[in-house]
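Structure, as structure tokens:
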Amino acid sequence: GKGHAGRRRRGPSRGLIAFLVVVVVAAAIGIVAWRLGAGSSTTMPAVINLSRAEAEKRVKDRDLNVQFTEAFSEVIAADNVIDSNPRPGKSLDKGETVTLTISRGPDRVEVPKLAGLTEDQARQALQAAGLPAPLVEQQDSASDVGQVISSDPAQGDTVKRDQSVTLYVSRGEAVELPSLVGLTENEARDALAEYQITLNVLPDRIFSTDVPNERVAQQTPVEGTRLYPGAVVTVALSKGPELLTVPKVDGKSEGEAKQILEAAGFKVSVNTVFPFGPRNVTSMSPGGGNQAPRGSTVTINVF
């Protein structure tokens, strides 16, 4: 009896022990595998608009590597993060490299020195600075014609790369155009050269009863017009008066004679020789058949 009771007090069977060992080992392996799997991945943190240093710290805290690029931004302050690749929340393996784009601030260009340059030189300076073609406004100035007086924005100001600068360019000072009528071509040219104004002479001369041949009979613009250096004045030279043949009206009545002469382009002056006569033309000056300037006066003697 005692021997039988001793056998019942023996420990767990070898099979049970082996089973328990297998279970424990499997559990341990599972735990290790779970820990290894969970510990090898991470997610991309949110870093937009953080400073470069803070963003870099957050990324490295997730066991990620970081590289940087730069870009201009109108809204994100300089040295802050504009964008990230990948985007926040993306699942990553630890040790992967992410890219952060850092703001260089707004894309701005400094306006170069422009005052004192010619307009062409100023255009070249703006092009060299990476700015578009300027707007140009002419202003009265004692500065040389074509010289840049100032700009808006001014030298040293910063502007967007696509912003046009306004150039204020001297057009000189306005002068009142003198009368050129009656001058020779050379005299008219010299009179305008003083004001840096150019003379243009029309190829065809015109008739003039007032201005002698080869002198200025007409000008455009007219005397008194305000002009700037570089302007052009056009003149027509005289070829003297237009000569017409005087119609012969001797023996005709006063009324008929006046009608004929006026229709031919003349003015008529009547000299009454005898007030009680039939009022017929007895003579005329200049005589019929002669040449006389258009618009000149023909005198008829009436009896």
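Residue by residue through the range 70-80, what is 3J(HN,Hα) from phi via Karplus (6.51 cos²θ - 1.76 cosθ + 1.60, θ = phi - 60°)? Round to whole Hz and write x for glycine and proline. Couplings: 10, 7, 6, 8, 7, 10, 9, 5, 4, 6, 9 Hz. The residue among VAL59, MET284, THR118 whose Cα reaches farthest toward the positive pole of the charge dipole of the chain, with charges on the beta-carbon of Lys, Arg, Asp and Glu, is VAL59.
Distances between placed amide hydrogens fall under 5 Å for LEU92 paired with THR42, THR43, MET44, all partners being 5 or more residues away or on another chain. Under a model in which nothing but the beta-carbon of Lys, Arg (+1) and Asp, Glu (-1) is charged, the chain shows a dipole of about 4080 debye around its Cα centre. Place +1 on the Cβ of every Lys and Arg and -1 on the Cβ of every Asp and Glu in the range 48-155, take the dipole about the Cα centre, and give the residue among ALA154, VAL75, LEU50 whose Cα lies farthest towards its positive end. Going by the charge dipole, the pick is LEU50. Net charge of the neighbourhood of THR118, taken over other residues with C-beta under 15 Å away and scored Lys/Arg +1, Asp/Glu -1, is 0. Three semi-axes describe the equivalent ellipsoid of the range 153-303; taken as square roots of 5 times the Cα gyration tensor eigenvalues and ordered largest first, they are 58, 15, 12 Å. The long axis of helix 14-39 is offset from the longest Cα principal axis of the chain by roughly 20 degrees. Each DSSP beta bridge with both residues in the chain is either parallel or antiparallel, and the antiparallel ones are about 55%.
Placing +1 on the Cβ of every Lys and Arg and -1 on the Cβ of every Asp and Glu, with no other charges, gives the range 34-124 a dipole of roughly 440 debye about its Cα centre.
Averaging over all projection directions, the Cα-based convex hull of the chain occupies 36.7 nm² in the image plane.
Rounded to 0.05, the FRET efficiency of the ILE206 and GLU176 pair, given R0 = 25 Å and the Cβ-Cβ distance, is 0.50. Rounded to the nearest 10 degrees, the angle from helix 119-128 to the longest Cα principal axis of the chain is 10 degrees. Largest mean-square fluctuation among GLN138, GLN259, GLN218, in a Gaussian network model of the chain whose springs join Cα atoms under 10 Å apart, belongs to GLN259.
Against the chain, whose longest principal axis is taken from its Cα atoms, helix 52-61 shows a tilt of about 30°.
How high is the relative contact order of the chain, in percent, counting Cα pairs under 8 Å that sit 6 or more residues apart?
RCO, the chain: 10 percent.
Amide H contacts under 5 Å for GLY172: SER141, GLY146, restricted to partners 5 or more places along the chain or on a different chain, H placed in the peptide plane at 1.01 Å from N. Comparing ILE260, ILE102, ILE197 in a Gaussian network model of the chain where C-alpha atoms under 10 Å apart are linked, the largest mean-square fluctuation is found at ILE260.
Under 5 Å from the amide H of VAL136 lie the amide H atoms of LEU167, each residue being 5 or more positions distant or on a separate chain, with H modelled from the backbone and absent for Pro and chain starts. Considering only VAL233, VAL201, VAL66, the mean-square fluctuation computed in a Gaussian network model of the chain, springs between alpha carbons under 10 angstrom, is largest for VAL66.
Values quoted throughout were computed directly from the atomic coordinates according to the rules given, and no laboratory measurement underlies them. Just so you know, these numbers come straight off a predicted model, no measurement behind them. All Cβ positions, even for glycine, are placed from backbone atoms using ideal geometry, and neighbour counts span all protein chains on display.
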